[in-house]
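A short worksheet on the structure shown next.
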Amino acid sequence: MKKSKKFVLAALALLAAITMALLPLAGFTNTEDNTSGNSPGTVVSAGIRIDGGELLPKTSEVQVLSEAVDLSSLYKEGSRVFISGRSGTIQPFVMGQYEVTQQLYKAVMGSNPSYFTSDVAAEETQELRPVEWVSWYDAVVFCNRLSQLMGLEPVYSKGGQTDTSMWGDVPTSRTNDTWKDAITCDFTKSGYRLPTEAEWELAARGGDPAADPWKYTYAGSSTIDEVAWYYDISTSKTHQVGTKAANSLELHDMSGNVGEWCWDWYDSITADTPSSGAASGSKRVGRGGSWGINANGCSVSSRSYLDPSLRYYYLSFRLVRPSSK
């Protein structure tokens with residue numbers, strides 16, 4: 001009886017291992033993925049394909065940084081992230097060309113939580129609007145699930161466990177914030193994650209401190225209407241991603257449309273703040289402004305602090321992953 005039970009358990013374990021090995025083939029695949037040796041601004045992945053079908057639109061990735069850079073070399077007057085003397089290193093990474101769409105979120109998570117699911121603007125596609133009404137914790141869960149589906153190493157852990165099905169219910173209120181200090185990030189893993197605040201601003205500014213775009217007020221321009229959906233022109237709603245001009249790295253909507261969660265705890269930045277941000281806090285960083293914010297709030301230097309357990313209809317996220325993996 002004991003031998004039979006051991007055999008069954010071993011068979012189940014083998015079946016689980018085979019299932020996990022085949023999961024990327026049966027689910028999601030990335031196309032034209034070549035993340036090493038590309039210059040910044042190169043589209044390194046054409047997008048995500050599900051079950052061998054058509055590519056999901058607006059899921060391509062761009063090389064942002066091809067070589068590691070020291071934070072000390074990125075000083076920018078007026079920036080609260082790239083301050084004088086800040087130490088640390090940003091490693092090579094690629095970033096989603098667009099904010100995560102409602103279509104992609106639903107494909108991974110099985111549902112679309114967004115507030116804006118009707119009244120789409122003329123000549124725009126509803127499912128290609130950015131997902132919103134997602135908490136920081138929702139975004140972290142999404143990243144791990146997408147990594148698993150793509151055959152990549154999940155970066156986030158809770159209690160040493162990367163399988164989000166073992167994490168329990170996502171907190172939805174400040175009084176039930178059981179995850180606040182429990183989520184850790186392994187930046188050496190190959191999977192998807194939220195950008196650090198330094199990565200986000202580096203990308204929004206175009207990646208090159210010696211180039212003119214580094215000085216622009218907004219991501220890609222000093223004229224906000226060219227690159228952003230914001231309060232004055234948004235008609236109080238989100239818009240399809242990519243309908244405004246991209247910045248010099250071909251990244252869209254890094255100013256306006258919806259704000260974007262970053263990994264970092266919110267705190268004042270000092271020369272000693274590591275590249276991954278403050279070690280602790282009560283709020284997480286949001287960047288980029290939104291459809292409901294004025295022009296000043298959409299600048300590339302603007303920061304916001306938000307409760308990670310709450311959901312906002314002006315906030316979404318964008319994916320990054322290491323380019324050396």
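Legend: calculated FRET efficiency, residue 176 to residue 268, from the Cβ-Cβ distance at R0 = 25 Å, rounded to 0.05, equals 0.35.
Once you sort the root eigenvalues of the Cα gyration tensor of the stretch 280-325 as a ≥ b ≥ c, which label holds: rounded (a/c under 1.5), prolate (a/b larger than b/c) or oblate (the other case)? Because a/c hits 1.5 or more and a/b fails to exceed b/c, the stretch 280-325 counts as oblate. For the peptides 273-285, 290-302, 132-144, the ranking by mean Cβ contacts within 10 Å, running from highest to lowest, is 132-144, 290-302, 273-285. In the chain, the portion of solvent-accessible area held by carbon and sulfur atoms comes to 51 percent [1.4 Å probe, whole percent, DNA, RNA and ligands not counted]. Figure note: 109, 150, 254 ranked by solvent-accessible area, largest first, 1.4 Å probe, ligands and nucleic acids not counted: 109, 150, 254. Other residues with beta-carbon under 12 Å from the beta-carbon of residue 307 carry, at +1 per Lys or Arg and -1 per Asp or Glu, a net charge of +4. Taking all protein chains together and rolling a 1.4 Å probe, residue 42 ends up with roughly 40 Å² accessible. With a cut-off of 15 Å between beta carbons, the residues surrounding residue 106 carry a summed charge of -2, where Lys and Arg count +1 and Asp and Glu -1. A simple count of charges around residue 270, restricted to other residues whose Cβ falls under 11 Å of its Cβ and scoring Lys, Arg +1 and Asp, Glu -1, yields 0. Distance between the modelled labels on residue 87 and residue 279, one decimal in nanometres: 1.4 nm (7 Å Cα→Cβ projection). The calculated FRET efficiency for residue 245 paired with residue 208, based on their beta-carbon distance and R0 = 22 Å, is about 0.75.
Counting only alpha carbon atoms, the long axis of helix 2-26 and the longest principal axis of the chain meet at about 30°. For the chain, the longest principal axis of the alpha carbon atoms and the long axis of helix 136-149 meet at an angle near 60°. Rounded to the nearest angstrom and listed largest first, the equivalent-ellipsoid semi-axes of the stretch 94-165 from its Cα gyration tensor are 26, 13, 10. Taking amide H as placed 1.01 Å from N in the peptide plane, residue 305 has its amide H under 5 Å from the amide H of 286, each at least 5 places away in sequence or on another chain. The residues of the stretch 245-316 expose on average 33 square angstrom of accessible surface per residue, using a 1.4 Å probe on protein heavy atoms.
Of the peptides 70-79, 309-318, the order by per-residue mean of other Cβ atoms within 10 Å, starting with the highest, comes out as 309-318, 70-79.
Compared with the alpha-carbon gap, the fully stretched path from residue 51 to residue 36 is longer by 2.8 nm at 0.36 nm per residue. Largest GNM mean-square fluctuation across 151, 289, 168, computed for the chain with C-alpha springs under 10 Å, falls on 168.
The values are calculated or read from the model by the stated rules, or taken from the named source; none is laboratory data. Note that the structure is predicted; figures quoted are calculated from it, not measured. Glycine gets a Cβ as well: all are built from the backbone with ideal geometry, and neighbour counts include every protein chain shown. Note: areas computed on protein heavy atoms with side chains; ligands, DNA, RNA excluded. Shrake-Rupley method; radii C 1.70, N 1.55, O 1.52, S 1.80 Å.
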